[in-house]
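Notes to accompany the following structure.
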Amino acid sequence: MEKVSLDHGEIGPLSDETMCSMSDSDETNNIHRSISAIAHIVEAFDALAATGSVRLTEGSNRIFKAAYGWWVHIIRGSQAIALLYDNGLSHETAPNVRSLLEHAVALRWLVETGDHAVDAVKEYGDSKHRELREAMQQANWPTIPGLDMRSPTAPDPPCPDLLL
């Protein structure tokens, strides 16, 4: 096994498991295909947004409202990744790629699980709000005048799809 020397020191040894098996040209081709796919997805999104409305199937309104923000995050995050890459900042795309993948997985879960997932997401947000409010009170932080900082009440029983 060899050690790889970098300007900032050494890393290694590298094993076959830690070394990427793709060639540089394969990776470049994958990146260019991904950038092309992002352009097509953004174009489709922009065309849909330009219509000014979306027709929903019966009973999908709650799910759509919850999913839309994540979907837009995925679309716009993809644009940010392409922009970073096009400007020579490919390494800096990593956090955006991770967030995009996490949101894509969460979006699929939301759509497949339906209303129970919407309830779980709302309860999770409410629980984080209650935690913030409690931390502010414990730290004796003053509230901002005019800002409604009432904590949502915890549901009884808790949402079965929420794992905290």
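None of the figures in this text is laboratory data; all of them are computed from the coordinates on show. Bear in mind that the values here come from a model prediction, so they are computed numbers and not experimental data. For neighbour counting, all protein chains shown are included, and Cβ atoms are generated from backbone atoms with ideal geometry for every residue, glycine included.
Points worth noting:
- Arranged from fewest to most other beta-carbon atoms within 10 Å of their beta carbon, Thr51, Thr143 become Thr51, Thr143.
- Restriction of the GluC sites (Glu not before Pro) in segment 27-116 to DSSP coil positions whose beta-carbon has at most 13 other beta-carbons within 10 angstrom yields Glu58.
- In terms of other Cβ atoms within 10 Å, Leu100, Leu89 run from fewest to most in the order Leu89, Leu100.
- For the pair segment 88-113 and segment 47-74, the centres of their Cα atoms are 18 angstrom apart.
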